[in-house]
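Visitor: The structure is given below, and queries will be raised subsequently.
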Amino acid sequence: MKLLGTLQRKHSFLLSLMLLSLVVSTPAFAAKLAIVIDDFGYRKKEDNQVLQLPTAVSIAILPDSPHGKEVATKAHAQGREILIHMPMAPISKQPLERDTLKPSMDQAEINRIIQHAINNVPYAVGMNNHMGSAMTSDRQAMDRVIKALNHSNLYFLDSVTIGNTQAAIAAKAAGVPSLRRHVFLDNVQTEAETRQQLARAIALARKNGSAIAIGHPHPSTVRALQQQLPLLPADIQLVAPSRLLKPQQEKPEQPKPPKVAPPTEQPQEPKPASWLKPAQEAIISMKKSTLINTLSRGFSTAEKKKTPTPNETGEVKE
Ligand SMILES: [Zn+2]
């Protein structure tokens, strides 16, 4: 009996190892990390260096920047995702871009500025805010921005420059696909800071399945990404932000022309019957818990001996 028990334990340990290797090596299980580099269109040298990074690194272009259109064309030819980096009013006094959205603006003016931005940043599939603590914390103002976006087929990525941002709430209310930034890569402009923040983004992606990091074309950020991105762990998949939109929210690369024949049925995606949902969730949670139980049985002792991967070693401060 004792021998049988030992054999069973060994068997379950081997099974756990097999399951873990599946989790690590199968792309379907990889945690997704999106990196967006803001403030594009002003610094030719650094912008071009960013365009040498993997094409999954996305860029956000300031609509009135001198090289915006040129850089959008280059990035699009590479298959890189492009966002409009929409200037929005901050609370603090700072030099502002031309056509910065302000809470005092009416719907017509916001529509005009956003249309101008769309014209100036070709191939954009999303928008995020440049600055914007005053604008994004104002629900009514953000309702007007989202309303202007509603006809454009763009998603909105909230840069989260203030804690009480209303951007995602306004987008959700209007049915505009939206995302939120989790990590800033370069609030302090040193390579060490960017390395550390990238490690934070990776940890968040592993914990939650995905994470969004935003950086800027500072020389220190570019250098840190040049060094670190080739070393990304195998369980981290670099993706464009649009890949993190929920399936029914996904936006096509290019706006599609309207269909000629009017649909006779509701144009909505077929949804599973509501009574099916609890059963589906139960199956999913059962699978998850079975996996977790098996893994935790096999690794209850092994986990304690786990050493950090080389990428974690240099970053974690004790
Ligand atoms: Zn910015």
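Visitor: Convert each backbone phi in region 144-154 into a coupling constant with the Karplus relation 6.51 cos²θ - 1.76 cosθ + 1.60 (shift: θ = phi - 60°), then list the ³J(HN,Hα) values in order as whole Hz, x for Gly and Pro.
Guide: 5, 4, 5, 4, 5, 6, 4, 8, 9, 6, 9
Visitor: Moving on. Tell me the relative contact order for region 61-161 as a rounded percent, counting alpha carbon contacts under 8 Å between residues six or more apart.
Guide: Over region 61-161, the number comes to 33 percent.
Visitor: What is the packing order of peptides 52-61, 96-105, taking the mean over residues of other C-beta atoms within 10 Å and listing the highest first?
Guide: Descending mean neighbour count gives 52-61, 96-105.
Visitor: What's the extension gain from S92 to A234 if we count 0.36 nm per residue and subtract their Cα-Cα distance?
Guide: Contour length minus the Cα-Cα distance gives 47.0 nm.
Visitor: Also: For region 81-122, what does the alpha-carbon gyration tensor say about shape, rounded, prolate or oblate, given a ≥ b ≥ c as the root eigenvalues, a/c under 1.5 as rounded, and a/b over b/c as prolate?
Guide: Judged from the Cα gyration tensor, region 81-122 comes out oblate (a/c at least 1.5, b/c at or above a/b).
Visitor: Full-extension gain between Y123 and T55, please, as 0.36 nm times their residue separation minus the C-alpha to C-alpha distance.
Guide: Gain on stretching Y123 to T55: 23.0 nm.
Visitor: Would you mind checking the pairs K32/K147; K74/K147; K69/K102; K69/K93; K74/K246; K45/K69 and listing those with alpha carbons more than 22 angstrom apart?
Guide: K32/K147; K74/K147; K69/K102; K69/K93; K74/K246
Visitor: Still on this structure, I have one more. Between the alpha-carbon centers of region 33-66 and region 148-171, tell me the distance in whole angstrom.
Guide: What the calculation gives is 20 Å, centre to centre.
Visitor: Would you pull out the residues with amide H under 5 Å of L238's amide H, same chain only if 5 or more places away, H placed 1.01 Å from N?
Guide: Amide H neighbours of L238, under 5 Å, 5+ apart: L33.
Visitor: By its C-alpha gyration tensor, with a ≥ b ≥ c as the square roots of the eigenvalues, how is region 29-244 shaped: rounded for a/c under 1.5, else prolate for a/b larger than b/c, else oblate?
Guide: prolate
Visitor: At a Förster radius of 25 Å, what calculated FRET efficiency corresponds to the Cβ-Cβ distance of R139 and D64, to the nearest 0.05?
Guide: Rounded to the nearest 0.05, the efficiency is 0.40.
Visitor: For R180, enumerate residues with amide H under 5 Å from its amide H, sequence gap 5+ or separate chain, H modeled in the peptide plane.
Guide: Counting only residues 5 or more places away or on other chains, the set is D158.
Visitor: In addition: Could I have the simple spin-label model distance between A174 and N187, label points 7 Å from Cα toward Cβ, reported in nm to one decimal?
Guide: Placing both labels 7 Å beyond Cα along the Cβ direction yields 2.9 nm.
Here, each number is a calculation from the coordinates, and none is a lab measurement. As the structure is a prediction and not an experimental result, all values here were calculated from the model. A quick note on method: Cβ atoms are made from the backbone with ideal geometry, for glycine too, and the neighbour counts reach across all protein chains shown.
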